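What follows draws every value from the coordinates through simple rules; no lab data is involved. In this text, all values refer to a predicted model and were calculated from it rather than measured experimentally. Cβ placement follows ideal geometry from the backbone for every residue including glycine, while neighbour counts extend to all protein chains displayed.
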Amino acid sequence: MLNCDARDPAYFGEHKIEDSPDGRFEAMALFAAAYISALNTKSAFEKSVAEELQNRIFKTFDQGLRELGVGDMAVGKRIRKLAESFYGRVISYGECFATNSQTKLTAKIALNVFGRKDTVGFDEALMQKSMSAFERICALEFIT
């Protein structure tokens, strides 16, 4: 589900998220934040699922960097930078999901994804879809 949300072609292209490694990172960070934040509102089992999700995301980042030709010596440094950005976004977006603050989430998406400080004329589809993902995961009942 996460990959489907984060890689939805409707969010990439002209006047949308740049279809590049950086743009895909931003989309993944946004939707991962929705999933992780939702899972962390639940029991210890769901929190362990959130942790495993994060581990798998970073394995994918590592693999992607290597496929892009980043050398072994540089992968660790790049992963550390990605981790700082990723977890910063998870915390920042997570606060918005937890408080259902669509206005703040829109502003954070505008800043992080598009580098804009204003939201005038901003397409709120990303905010709405990520908020829906958060609500969808919150509504799931896990069998342990």
Do any chymotrypsin sites (Phe, Trp or Tyr not before Pro) in the stretch 80-144 lie in a loop, going by DSSP, with at most 13 other beta-carbon atoms within 10 Å of their beta carbon, and if so which? 142
About its Cα centre, how strong a charge dipole does the chain have in debye, to the nearest 20, once Lys and Arg get +1 and Asp and Glu get -1 at the Cβ? 340
Calculate the all-directions average of the projected area of the chain's alpha-carbon convex hull, and give it in nm². 8.9
Which distance in nm do the two modelled labels at residue 124 and residue 10 give, with both placed 7 Å along the Cα-to-Cβ direction? 1.6
Along the charge dipole of the chain, pointing to its positive end and built from +1/-1 on Cβ of Lys, Arg, Asp and Glu, which listed residue (75, 140, 36) has its Cα farthest out? 75
Can you compute the helix-only [θ] at 222 nm over the chain? Use -39500 (n - 2.57) per DSSP H run of at least 4 residues, normalise by all residues, nearest 500 deg cm²/dmol. -24500 deg cm²/dmol
